[in-house]
Amino acid sequence: MDMQGTRQLAVSQQQAWSALNNPDVLKACIPGCDRIDLGEEQQYLIGMAVKIGPVSAKFSGKISLLDMNPPASYTLNFEGQGGVAGFGKGTAQVKLIPNEAGCELQYVVNAQVGGKIAQLGQRLIDGAAKSLSEDFFKRFDAETAKMFAGEQAQALEEVDKNAVDNAPEKETARWFNARNVSLVALGLLLIYFFVK
């Protein structure tokens, strides 16, 4: 199974990198995940429950981080065993590309599945994978919004303070009006990205 896609994130490249390398964030974002423990260097041990069509299984496995280029990219190797339900293994290349709205996450996944899961048919597996991916990103958006809300507010305060300190006194009143409008617009934009 091959899957690729992009996702616009409303956080900076560094913030996204920090969140993607935080076991607590990953545990909260991966559907069905009940544990993520640090294994050997740059490796996580993971436990999760998966339901694809009529097959339900608890998988245990590991994720290894390779070719790390902080905060821009890395490769994930993963393998998991679900007993009689089957197995899954593969790689995922992840890139974070900064842009004006935060950063874009690009991913390419190559995976193989075997056992009962493989007998379900490619369309069912692909549909489940896309659903899990969408669920992950919704949760990830919510977690990063909570995680970095203070940093974004602090950055806005610093920008505001610098602008006030550098603005001529007679321009201050007009600047405050423009600032209020721009803060409301920025707030609506952030709400749009975090809620969608």
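The values are calculated or read from the model by the stated rules, or taken from the named source; none is laboratory data. The structure displayed is predicted, hence computed values, not measured ones. Cβ sites come from the backbone with ideal geometry, for glycine too, and all protein chains shown count toward neighbours.
Give me the strands (runs of 3 or more DSSP E) completely within the range 2-92, filtered to those with at least 2 residues that are exposed (fewer than 13 other Cβ atoms within 10 Å of the Cβ) and modelled with pLDDT of 95 or more, ordered by residue number.
On the way: elements: 2-9, 33-38, 43-52, 55-69, 73-81.
Answer list for the range 2-92: 55-69.
Cβ-Cβ below 8 Å, separation at least six or inter-chain, first residue in the range 95-120 and in contact (Cβ under 8 Å) with a residue 24 or more places away in the chain and on the phi > 0 side of the Ramachandran plot, second part of a strand (DSSP E or B) and surrounded by 17 or more Cβ atoms within 10 Å (Cβ to Cβ): which pairs?
102/9; 115/87
Taking the condition assigned by TED's automatic domain parsing to the domain that holds residue 45, surrounded by 13 or more Cβ atoms within 10 Å (Cβ to Cβ) and closer than 26 Å to residue 47 by Cβ, does residue 96 pass? Spell out how you get there, then give the answer.
Values: assigned by TED's automatic domain parsing to the domain that holds residue 45: yes; surrounded by 13 or more Cβ atoms within 10 Å (Cβ to Cβ): yes; closer than 26 Å to residue 47 by Cβ: no.
Judged against the criteria, residue 96 is not a match.
Out of 117, 97, I need the residue that is in contact with a helix residue (DSSP H, G or I) (Cβ under 9 Å, 6 or more places away or on another chain), β-branched (Val, Ile, Thr) and farther than 20 Å from residue 21 by Cβ. Which one? Break it down stepwise before answering.
On the way: 97 fails: farther than 20 Å from residue 21 by Cβ.
The conditions single out 117.
For the range 100-117, name all the residues that are within 22 Å of the chain's Cα centre (by Cα) and surrounded by fewer than 19 Cβ atoms within 10 Å (Cβ to Cβ). It would help to see each step written out before you state the result.
Of the range 100-117, the ones within 22 Å of the chain's Cα centre (by Cα) are 100-111.
Listed by number, the residues that qualify are 100, 101, 104, 106, 107, 108, 109, 110, 111.
Could you run through the range 107-136 and say how many residues are at pLDDT 80 or above and either touching a Leu at 6+ places or on another chain (Cβ under 8 Å) or among the charged types (D, E, K, R) (or both)?
4
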